[in-house]
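Each remark here refers to the structure printed beneath this line.
The values are calculated or read from the model by the stated rules, or taken from the named source; none is laboratory data. Predicted model only: the values in this text are computed from it and were never measured. Reconstructed Cβ throughout: ideal geometry from the backbone, glycine too, with neighbour counts over all protein chains shown. Heavy atoms of the whole protein, side chains included, go into the accessibility calculation; ligands, DNA and RNA do not. Shrake-Rupley method; radii C 1.70, N 1.55, O 1.52, S 1.80 Å.
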Amino acid sequence: MSYLIVFVFLFGSMLLYFKIANKYNIIDSPNERSSHTNVTVKGAGIVFWLSGVLYSVLHFPESSFFLLGLSTVCIVSFWDDVSFLSTKVRIVAHFLAMAMIFYGLHTYTMFPWWLIIIAQIFFVGVMNAYNFMDGINGLTGLYSLAVLVSLQYVNEKVISFTDPDFIIYAILACLVFLFFNFRKKAKCFAGDVGSLGIAFWIITLLLQLILATNNIIWILFLAIYGVDSVFTILHRISLKQNIFKPHRLHFYQVLVNEKKYPHLLISTIYAIFQLIICMIIIYFKDKISWVLLSLLILVPLTFIYLLKFKYIKVRNSITEMDD
């Protein structure tokens, strides 16, 4: 299908969703832990699910397990956006969706059962970390776009590991979403349906690439999100906080809320740095060991993250403990 037709369909779907969301009050109201100040439509990340459904229908049945997994994640997440679901229900759905994509990629016949379990736990964690990072205008869409463009470059110039349209449809969804979200006053937020939906899509692509190359280094295409998420979780654990509750302790949140940097600037910086890291990985992956390359990327990112503690306010940390 023509990419222009797909783009127009997704754009029109977003406009229709805004009407539905306003009618049924699917909105995000700011609170003391938010990084925004306006009432905004949420759940607009449903555009990623729509794009995934469109791709899967056009490429059935080879994409059937991806569609099942993506739909499981997005339906449960949208339900949570609109109403409320317990953490246990959401996590069970995430593991079920991950099991579907692992089965669809035939990993159960390629690796021992214990390794499959570890891998599924890891990637469910990655998916939820991606969701944790969705907190300021433009970040989810722009960061995802940087990763997807890098994956498309690898697919075209390094090794063909997937159908190019499988990446392009995700890119088109990002562009449509960013049109409404990459603004000083965003018209909409992704919601869990968006951040978890695009996370599942990107994880599927990374799994395909890892299996095609037998190289785990590609997971560092999410290095910046990974460092920010892992160290923020450790920070919150040290403060005896519930890591599943809202907070303002991610580095990007500190930069926006404490240092008052513009949302769009921080989102752009995150995306550009991740794009640079992706290019470094592509260039050096065959020149040095994956262990050394990982250290060369993760160690500097860790030191950058630690700068957060120069800016964070003690009162903010104490407030976040009162969950």
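Given R₀ = 22 Å, FRET efficiency for Lys157-Tyr103 by Cβ-Cβ distance, to 0.05? That gives a FRET efficiency of 0.15. Among residues other than Ser77 with Cβ under 13 Å from its Cβ, the summed charge is -2 (Lys and Arg +1, Asp and Glu -1). Ligands, DNA and RNA are left out, and with a 1.4 angstrom probe the accessible area of the chain is 47 Å² per residue. Ellipticity at 222 nm from helices only: DSSP H runs of n ≥ 4 in the chain, each -39500 (n - 2.57), divided by the residue count, give -22500 deg cm²/dmol. Please work out, to two decimal places, the log10 of the ratio I(q)/I(0) at q = 0.14, 0.16, 0.18 Å⁻¹ from a Debye calculation in which every Cα of the stretch 211-264 carries one identical scatterer. Relative scattering, expressed as log10 I(q)/I(0), comes to -0.51, -0.62, -0.72. The mean sequence separation of alpha-carbon pairs under 8 Å and at least six residues apart, normalised by the residue count of the stretch 139-286, gives a relative contact order of 36 percent. Once the Cβ-Cβ distance of Val39 and Lys259 is raised to the sixth power relative to R0 = 35 Å, the FRET efficiency obtained is 0.90. Shape analysis of the stretch 195-309 places it in the prolate category; the axes a ≥ b ≥ c from the Cα gyration tensor give an a/c of at least 1.5, with a/b above b/c. For a test of the definition: using alpha carbon positions, the gyration tensor, and the 1.5 limit on a/c, classify the stretch 160-254 as rounded, prolate or oblate. It comes out oblate by the Cα gyration axes.
Along the stretch 72-80 the Karplus relation, 6.51 cos²θ - 1.76 cosθ + 1.60 evaluated at θ = phi - 60°, assigns HN-Hα couplings of 4, 5, 6, 5, 5, 5, 5, 4, 5 Hz to successive residues, with x for each Gly and Pro.
Between Trp290 and Val8, the C-beta separation translates, for a Förster distance of 41 Å, into a calculated FRET efficiency of about 0.50. Leaving out ligands, DNA and RNA, what percent of the accessible area of the chain is carbon and sulfur, probe 1.4 Å? Roughly 70 percent, rounded to a whole number.
What does the charge count near Leu209 come to, summing +1 for each Lys or Arg and -1 for each Asp or Glu among other residues with Cβ under 15 Å from its Cβ? The partial results should precede the final answer.
Numbers: positive: Lys157, Lys285; negative: Glu156, Asp163, Asp286.
Residues close to Leu209 contribute a combined charge of -1.
A 24 angstrom limit on the alpha carbon distance is what I want to check against. Which of Lys88/Lys240; Lys88/Lys310; Lys42/Lys245; Lys185/Lys260; Lys19/Lys184 exceed it? Beyond 24 Å: Lys88/Lys310.
Please compute the Kirkwood hydrodynamic radius of the chain from all pairs of different C-alpha atoms, in Å with one decimal.
Computed over the chain, the radius equals 20.1 Å.
Taking label positions 7 Å along the Cα-Cβ direction at both Phe273 and Ile116, the computed distance is 3.8 nm, reported to one decimal. Counting only Cβ charges, +1 for Lys and Arg and -1 for Asp and Glu, the dipole size of the stretch 130-225 around its Cα centre is about 440 debye. Here Lys287 is the anchor, and the lysines within straight C-alpha reach of less than 21 Å, apart from those fewer than 8 places off in the same chain, are Lys157. Here His59 sits with roughly 40 square angstrom of accessible surface, probe radius 1.4 Å.
According to the square roots a ≥ b ≥ c of the eigenvalues of the Cα gyration tensor, what is the shape class of the stretch 105-204, taking rounded for a/c under 1.5, prolate for a/b larger than b/c otherwise, and oblate for the remainder?
oblate
Toward the positive end of the charge dipole of the stretch 123-238, with +1 on the Cβ of Lys and Arg and -1 on the Cβ of Asp and Glu, the farthest Cα among Leu139, Ala199, Ile167 is that of Leu139.
Phi angles of the stretch 285-291 translate, via the Karplus equation with coefficients 6.51, -1.76, 1.60 and θ = phi - 60°, into HN-Hα couplings of 4, 9, 9, 9, 5, 5, 5 Hz per residue; Gly and Pro are given as x. For the chain, excluding the exposed loop sites themselves (chymotrypsin sites (Phe, Trp or Tyr not before Pro), DSSP loop, at most 16 other Cβ atoms within 10 Å), the longest remaining stretch covers 85-243.
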